[in-house]
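Asks: Okay, handing you the structure first.
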Amino acid sequence: MNRRLFCTIVAGLMLAVLGRIVVVAQGNPEAAKVKNPVASTPESVTAGKQIFQKTCSPCHGITAEGGPGNDLIPPAPDLTDDQWDHGSTDGEVFDNIKNGVQPDLNMIPWKDQLKDPDIWNVVNYLRSIAKKK
Ligand code: HEC
């Protein structure tokens, strides 16, 4: 292998590792600024619940308390506790659902399947079932 190719590969690996640390360690400041435009009415929460049970529960569990994962997909986190690895504001949760969770996208983007108002309904549903401290 020539030296230049070797350097390119090493630099690429380092960037991949660094990128992962940055992504894992924080939420998304831009997404955090986005306000939830859908009021948390009973209708919104019910609509969100239906979407959740159909679309999200296979991984996150029917109660949203997390799933065990399998050979292909790591465990899906509890969405009812107060621990959010990728941002806890409505805007960040919305962004994680819409665009998926980088870098592995084990949490896939739903933007092609769900319209924005439906994603906000799901956010409202998750808030409604959040465990009180
Ligand atoms: C194929 C399995 C799968 C499905 C289906 C799925 N998720 Fe996820 N989800 C995951 C995994 C795995 C993670 C953890 C990703 C990571 O940390 O890299 C995750 C992470 C998340 C997070 C970030 C949690 C945090 O701690 O910040 C949210 C929010 C979320 N999912 C919501 C949803 C919603 C809402 C749906 C339905 C529209 C859904 N997920 C469907 C597997 C799934």
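Asks: State the extension gain, in nm to one decimal, for the chain segment bounded by Lys131 and Asp81, taking 0.36 nm per residue of separation less the distance between their alpha-carbons.
Replies: So the extension gain works out to 17.4 nm.
Asks: On to the next question. In the structure shown, do any of Lys54/Lys133; Lys33/Lys115; Lys98/Lys133; Lys33/Lys132; Lys33/Lys54 have a Cα-Cα gap over 26 Å, and if so which?
Replies: Numbers: Lys54/Lys133 28 Å; Lys33/Lys115 20 Å; Lys98/Lys133 28 Å; Lys33/Lys132 24 Å; Lys33/Lys54 29 Å.
Long pairs (Cα-Cα over 26 Å): Lys54/Lys133; Lys98/Lys133; Lys33/Lys54.
Asks: May I pose another question? Just add up the charged neighbours of Asn28: K/R +1, D/E -1, any other residue whose Cβ is under 13 Å from the Cβ of Asn28.
Replies: After counting each charged neighbour, the total is -3.
Asks: Hey, another quick one. Relative to the compact-globule scaling 2.2 N^0.38 Å, provide the ratio for the alpha-carbon radius of gyration of the range 28-128.
Replies: 1.00
Asks: Let me ask another. For a Förster distance of 35 Å, can you work out the FRET efficiency between the beta-carbons of Asn36 and Asp104, rounded to the nearest 0.05?
Replies: In this case the efficiency is close to 0.85.
None of the figures in this text is laboratory data; all of them are computed from the coordinates on show. Source: prediction; values computed, not measured. Cβ coordinates were reconstructed from backbone atoms using ideal geometry, including for glycine residues, and neighbour counts include every protein chain displayed.
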